[in-house]
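A short write-up of the structure that comes next.
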Amino acid sequence: MSSIAGFIGRVYKSLNPPSPPRVEQPLRFGILGAAAIAPNALIRPALSHPEVLVYAVAARDIQKAQTYATKHHIPKVHSNYEELLADKDIDVIYNPLPNGLHYEWTMKALEAGKHVLLEKPAANTAEEVRAMFDLAEKKGLVLLEAFHYRFHPAIQRLKAIVDSGELGKIKHVEATMSLPKGHFSADDIRYNYSLGGGCLMDMGCYPMNCVRYLTSSNPASILDVSHELFQPPNSPSDYASNVDKKTVASFAMPNDVTAKITCNFEDPPRLGFIPRLPVLNVAIECEGGKTDLYNFIGPSWFHTITVTPRSGRARKEKAYVFSGSDGVGGGQRGEVWWETYRYQLEAFVDRVKGREVRTWVDKEDSVANMDWIEKVYAVSGLGSRPKSTYVSTTQT
Ligand SMILES: *[C@@H]1O[C@H](CO)[C@@H](O)[C@H](O)[C@H]1NC(C)=O
C-alpha cells in the first residue's frame with residue numbers, strides 16, 4: 001500500500017509543486033512558440049525553481065500567444081520570434097519548435113547572445129548539430145539538447161548497476177518506445193517530412209540515446225533496419241512520404257555488444273481490438289544475469305528497476321532521488337516528486353551559473369545521436385530529413 005501512497009504523493013506534488021519566492025535576478029526564459037510540450041517540459045518544473053522565471057512567449061498568432069500566456073501566467077507576449085530573441089530581459093530561449101526549425105532558431109538565439117534549452121532531436125542533421133554547438137562554444141553560451149530522462153536518478157541507477165559489474169560483462173541492450181495506434185492524428189507534424197518528421201526522429205531519438213548511454217559507446221555498425229512507412233489517409237499505396245511510423249534497428253556495439261532500438265507511433269491493437277499499453281522499456285542482458293528499467297523515459301511518477309542475477313535472488317529497486325550511496329549522483333539535489341524535466345532544469349541552471357554539474361548531455365553526445373539516426377535512415381532508404389536553408393551570419 002505504501003507504494004500506492006508514494007505514487008499518489010509524487011503525482012500530486014509534481015503537478016502542484018511548491019513555488020518558493022524567486023531570487024532577486026532569476027534567469028528569464030522565453031519560449032519560441034505556444035508549444036504543447038512547454039507546460040510539462042519547462043513551465044511546471046520552473047515553478048519550483050527559485051532561480052527561474054518563465055518570462056515571455058512568442059507566437060506568430062498573437063491571439064494564441066496571449067491566451068497561452070494568460071493560461072500559464074507568463075508576463076510578456078511577443079508577436080514574432082525575432083522580437084523574442086531581441087528582448088534584452090531574456091537570458092534563455094527554450095526551443096520546442098518542429099525539428100526542421102531547430103537549427104535556424106537555435107542559431108538565431110545564440111547569435112542574439114541567449115543560452116538555449118533545445119528540444120530533441122537537436123536538428124535534422126548531425127552537421128547542423130555540430131554547427132550549433134560550435135557557435136555556442138564560440139559565444140560562451142550554454143546549449144543543451146533536452147534529453148531529460150538522463151537527468152533522473154532511475155536511468156543513472158540502471159547504468160550504475162551495469163557498470164558495477166555485478167552482472168558481469170554486458171552483452172545486449174534493447175530500448176523501446178512505442179505508443180498505441182491512435183495517439184497521433186494523420187496531420188500531426190510528426191508525420192511531416194519537411195518539418196523533420198518521422199518516428200525515428202521523434203521517439204526513436206530516445207532509444208538511440210539510451211543504448212549509447214548505457215553502453216558508454218557509439219555503434220560500430222548497423223546490423224539490420226526495418227521500418228513501416230506512414231501513408232496519409234486516402235493516399236495511393238505507393239505514396240512516398242519518406243516518413244516512418246515505425247523503425248527497428250540493430251547495431252553492433254564495440255566489445256562484442258549488440259543493441260536494438262524500436263520506436264513505434266502506431267502499435268496496433270492486439271488481436272485487432274485490445275488496445276496496447278505504451279512500451280517505454282530498456283533491458284540489458286549481461287553474462288551473469290539481466291536487468292531492466294520499466295518506464296525509462298518518464299520514471300518520475302512510477303518506474304521499476306528489476307535485477308535478475310543468473311544465480312541468486314532477483315530484486316526490484318526504485319530511484320526517485322540520488323541516494324549518494326548506490327553508486328549514482330552523490331550530492332546531487334532532488335526530491336522524490338521531481339520529474340525528469342525538473343532534474344534537467346536544475347542542471348541547466350547550474351551550468352548557466354557556472355556551478356558544478358554532475359549530469360550533462362554534451363556536444364559530442366548530441367552530434368553522435370543525430371549521426372546514427374541519419375545512418376539508420378540511410379539504410380532504410382528514407383534518407384536524412386532536409387537540411388535547413390538558413391545561413392548563419394556568424395558561421396565560420
Ligand atoms: C508540412 O509542413 C509544411 C510547413 O508547415 C506545409 O507547408 C506542408 O504542407 C506540410 N506537408 C504535409 C504533407 O502535411
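The values are calculated or read from the model by the stated rules, or taken from the named source; none is laboratory data. These numbers come from a predicted model, not from an experiment. Heads up, the Cβs are rebuilt from the backbone with ideal geometry, glycines too, and the neighbour counts pull from every protein chain shown. These accessible areas exclude ligands, DNA and RNA; they are computed on the full protein's heavy atoms, side chains included. Shrake-Rupley method; radii C 1.70, N 1.55, O 1.52, S 1.80 Å.
Observations on the structure shown:
- Taken over region 213-252, the criterion of being among the aromatic types (Phe, Trp, Tyr) and in a loop (DSSP other than H, G, I, E, B) is satisfied by PHE230, TYR239.
- Some residue of region 241-258 being in the same structural domain as SER164 (by TED's automatic domain parsing), of a type in the set (Phe, Trp, Tyr) and at pLDDT 95 or above: yes
- Exactly one residue out of GLY113, GLY198 is touching a residue at least 24 places away in the same chain (Cβ under 8 Å) and in contact with an Asp or Glu (Cβ under 8 Å, 6 or more places away or on another chain), and it is GLY198.
- When region 232-245 is limited to residues that are closer than 15 Å to ASP188 by Cβ and more than 11 Å from the ligand (Cβ to nearest atom), the one that is surrounded by the most Cβ atoms within 10 Å (Cβ to Cβ) turns out to be ASP244.
- Residues in region 166-212 that are more than 16 Å from the ligand (Cβ to nearest atom) and in a helix (DSSP H, G or I): 9 in all.
- Residue list for region 117-132, restricted to those being part of a helix (DSSP H, G or I) and surrounded by 24 or more Cβ atoms within 10 Å (Cβ to Cβ): VAL129, MET132
- Matching residues, region 1-40, being under 17 Å from HIS72 (Cα atoms), in contact (Cβ under 8 Å) with a residue 40 or more places away in the chain and not aromatic (Phe, Trp, Tyr): SER14, PRO17, ARG28, GLY30, ILE31, LEU32, GLY33, ALA35, ILE37, ALA38, ASN40
- Checked against the criterion of being in contact with a Lys or Arg (Cβ under 9 Å, 6 or more places away or on another chain) and more than 16 Å from the ligand (Cβ to nearest atom), the candidates ALA154, ALA220 yield just one match: ALA154.
- Residues in region 45-54 that are in contact (Cβ under 8 Å) with a residue 40 or more places away in the chain and more than 19 Å from HIS115 (Cα to Cα): SER48 alone.
- Helices (runs of 4 or more DSSP H) contained in region 26-116 and holding at least 1 residues open to solvent by 10 Å² or more (accessible area, probe 1.4 Å), in the same structural domain as TRP337 (by TED's automatic domain parsing) and closer than 24 Å to ASP188 by Cβ: none
- Residues of region 253-263 satisfying the condition of being surrounded by fewer than 13 Cβ atoms within 10 Å (Cβ to Cβ) and assigned to a strand (DSSP E or B): none
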